[in-house]
1. Mind checking which lysines have their Cα closer than 25 Å to the Cα of LYS125? Skip sequence neighbours fewer than 8 apart in that chain.
2. Over 5 Å intervals from 0, what percent of Cα-Cα pairs in the chain sits in each interval?
3. Using amide H atoms built in the peptide plane, which far-off residues or other-chain residues are under 5 Å from ARG191 H to H?
4. Ranked highest first by the average count of other Cβ atoms within 10 Å around their residues, in what order do 213-221, 68-76, 181-189 fall?
5. Multiplying the sequence separation of ASP126 and THR190 by 0.36 nm and subtracting their Cα-Cα distance, what value in nm do you get?
6. Tell me, how many Å apart are the Cα centres for region 66-136 and for region 1-55?
7. Would you grab the residues whose amide H sits under 5 Å from the one on ILE205? Only those 5+ places off in sequence or on another chain, please, with H modelled 1.01 Å from N.
8. Among bridges DSSP assigns within region 5-222, what percent are antiparallel (round to 5)?
Amino acid sequence: MSKIIIAIDGFSSTGKSTVAKQLAKNLNYIYVDTGAMYRAVAYFALENNLIGDGFFKEDDLVNRLEDIRITFKFNETAGFAEVYLNGENIEAAIRTLKISKYVSPVATLSAVRRKLVEQQQLMGKDKGIVMDGRDIGTVVFPEAELKIFMTASAETRAKRRYKELTDCGHELSYEDVLENVTTRDHIDSTREDSPLVKAEDAIEIDNSDLTIEEQLDTIVGLAEALI
Ligand code: C5P
């Protein structure tokens, strides 16, 4: 059986990672959450006072990129690979609304993208990988055998993210989550370097009214036809 690369791109909170994780498990593939890598850089920037309310020391962050080492380690209990920054498990720490607020400005920097894309391409060099993000089918793996572009209405996405965050004990309002989702989509879609766009050969799935099982069935079917 041949191994392929599956690229899953789309707007914020479309449930890409939930489906991608399950898909990787079904196919016995590696799963890589590239959003976690950008979040890790935003976490580093916040921890080092390189970004905050009203300021962003872009040049200083770029100069510190060599100090950022992002790794993934499989967590048996969780059933997926968690993200580490310089050896520290930051999986939970990067899922806050605060990180969500600063991650998109950080992801506009070309030097940041170059570093992360290089690492992502290395992770996928032997194929057998499901990678989700914003530029996987367009920039990271333009030759990916299967490209999915996920969409859903902004309200559907904000509701999902709000539930996810409040279920984990975060205190925030639905309006804040909706605001974050729409602001991130705008920054991600309009940035100069690697904007979020649907690759020409990507298959679009609007999952507003689809269950995870239904999405999975569709994508597994598409993948199996190629393997
Ligand atoms: O997927 P997630 O919502 O965790 O991604 C967080 C942010 O990271 C996105 O809003 C986007 O700014 C950035 N990102 C990106 N390119 C990717 C993955 C994520 O620019 N491949």
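1. Hits, sequence-local ones excluded: LYS3, LYS16, LYS21, LYS25, LYS73, LYS115, LYS147, LYS198.
2. 1, 7, 15, 19, 21, 18, 12, 5, 2, 0, 0
3. Those qualifying (amide H under 5 Å, at least 5 residues apart or on another chain) are LEU196.
4. 181-189, 213-221, 68-76
5. The ASP126-THR190 span can extend by a further 19.8 nm.
6. After rounding, the separation between the Cα centres reads 6 Å.
7. Close amide H contacts, sequence-distant or interchain: PHE149, MET150, THR151.
8. The antiparallel proportion sits near 35 percent.
Every number in this text was worked out from the coordinates using simple rules, so none of it is lab data. Keep in mind that what you see is a predicted model, and the values were worked out from it rather than measured. Every residue, glycine as well, gets a Cβ built from its backbone with ideal geometry; the counts of neighbours run over all protein chains shown.
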